[in-house]
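No lab work stands behind these numbers, since they all come straight from the coordinates. Here the structure is a predicted model, which is why all the values come from computation and not from measurement. Counting neighbours? That spans all protein chains shown, and the Cβs are built from the backbone with ideal geometry, glycine included.
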Amino acid sequence: MIYTHNIDPILFSIGFIDLYWYGAMYAVSFLLLDYLMKKEIYLGNSDFDIVIIDKILLISIFSLLIGGRLGYAIFYNIDYYYLNFHKILYIWEGGMSFHGALLGILFGILFISIRDKINFFKLSDFIVVFIPLGLLLGRIGNFINSELYGMPTNGNWGVIFTKIDLIPRHPSMLYESFLEGLVLFIILKNIYNKKPMIGKLSALFLIYYAFFRFLVEFVRVPDIQIGYLYGDWLTMGMLLSIPMFLVGLIIYYLSIQGKIER
């Protein structure tokens, strides 16, 4: 049954202030990650303490927003922001890049790692287990906003995004929510519970995310300002996922060889 999408992106309004579903999803994501990571500490499943978790979340919020915004400006709309440099700070106008956000978070983890003298991969292994839940909620936020939609489909699972047109389309953001969010979380959490070699979880996060993202890009409409990079299939999302996949393979090899020190 084809679903017609007409959800209001505004969750509620207080006076002249509007609270959007997308922003609410970000807030819920950080609250959920905070709860789950601290729960692992209380259960004795992690060597970290509460102070480190608070640092991780605080720095991650800023590094995600900065990295995601800069990533979008550089990877997806560099011509526009070159001429309107000040608008890079206009987060409310939309435009965030996952790959940019990931780089931002990695720099944040590196900062904590150096400052607190904690092995970088020990930190990243712990964090990446829970990041997929943030992706799950974030992609649902994309769905509510009718953004990052897919190509037309004849399938009865198609969604009509009335803000775009009246054509049934692949709900590609929900595909990503399921694969990059739920499925990836289940995979990583299951491996995490088995106490893997250091670096393995970080590697698998990069590998699986890149693989899932690459697949979904085949049915996702590319950003209109850049379109396809080659032929009628290669997108920027695919291109950015390739080095992510390769780096993941390298880290995985080093991990199983025991070449990443604890």
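Of the DSSP H helices in the chain, those that are both long (alpha-carbon extent of 30 Å or more along the helix axis) and hydrophobic (Kyte-Doolittle mean at least 0.0) are 21-42, 50-75, 236-256. Among the DSSP beta bridges whose two residues both lie in the chain, what percent are antiparallel, rounded to the nearest 5? Counting DSSP beta bridges with both partners in the chain, the antiparallel share is about 75 percent.
Legend: distances between Cα atoms for 122/200; 55/195; 117/189; 189/259; 38/259; 55/194; pairs beyond 19 Å are 55/195; 117/189; 189/259; 38/259; 55/194. The alpha carbon gyration tensor of the stretch 48-191 gives principal lengths a ≥ b ≥ c with a/c of 1.5 or higher and a/b no greater than b/c, which makes the shape oblate. The distance between label points at residue 12 and residue 36 comes to 2.6 nm (points 7 Å beyond Cα on the Cα→Cβ vector). Taken one residue at a time, the phi angles of the stretch 5-20 give Karplus couplings (6.51, -1.76, 1.60, θ = phi - 60°) of 8, 9, 6, 6, x, 8, 5, 6, 10, 10, x, 8, 9, 9, 9, 8 Hz. Gly and Pro are set to x. Between residue 253 and residue 5, the simple spin-label model (points 7 angstrom out along Cα→Cβ) gives 4.0 nm. Rounded to whole numbers, the Karplus 3J(HN,Hα) couplings from phi for the stretch 82-91 are 5, 8, 10, 4, 5, 7, 4, 7, 7, 4 Hz, using 6.51 cos²θ - 1.76 cosθ + 1.60 with θ = phi - 60°, and x at Gly and Pro. Put simply, when 204-211, 50-57 are sorted by average Cβ atoms within 10 angstrom per residue, most first, you get 204-211, 50-57.
Which label marks the calculated value of volume of the Cα convex hull per residue in Å³, given the options [x] 168; [y] 176; [z] 155? Matching the structure shown: [z].
Applying 1/(1 + (r/R0)^6) with R0 = 41 Å to the Cβ-Cβ distance of residue 117 and residue 74 gives a FRET efficiency near 0.80.
The peptide list 133-144, 77-88, put in order of mean Cβ contacts within 10 Å with the highest first, becomes 133-144, 77-88. In terms of packing, defined here as the mean over residues of other Cβ atoms within 10 angstrom, the peptides 222-228, 248-254 line up highest first as 248-254, 222-228.
Placing a label point 7 Å from the Cα of residue 224 along the Cα-to-Cβ line, no residue of the stretch 6-40 has its backbone N under 11 Å from it. The simple Förster model, with R0 at 25 Å and r as the Cβ-Cβ distance, assigns residue 239 and residue 107 a FRET efficiency of 0.75. Contact order for the stretch 52-114, expressed relative to its length and based on alpha carbon pairs under 8 Å spaced 6+ residues apart, stands at 52 percent.
Modelled this way, with points 7 Å down the Cα-to-C-beta line, the labels at residue 65 and residue 164 are 2.8 nm from one another. Relative contact order of the stretch 1-86, taken over Cα pairs closer than 8 Å and 6 or more residues apart, is 13 percent. The relative contact order of the chain comes to 20 percent, based on Cα pairs under 8 Å that sit 6 or more residues apart.
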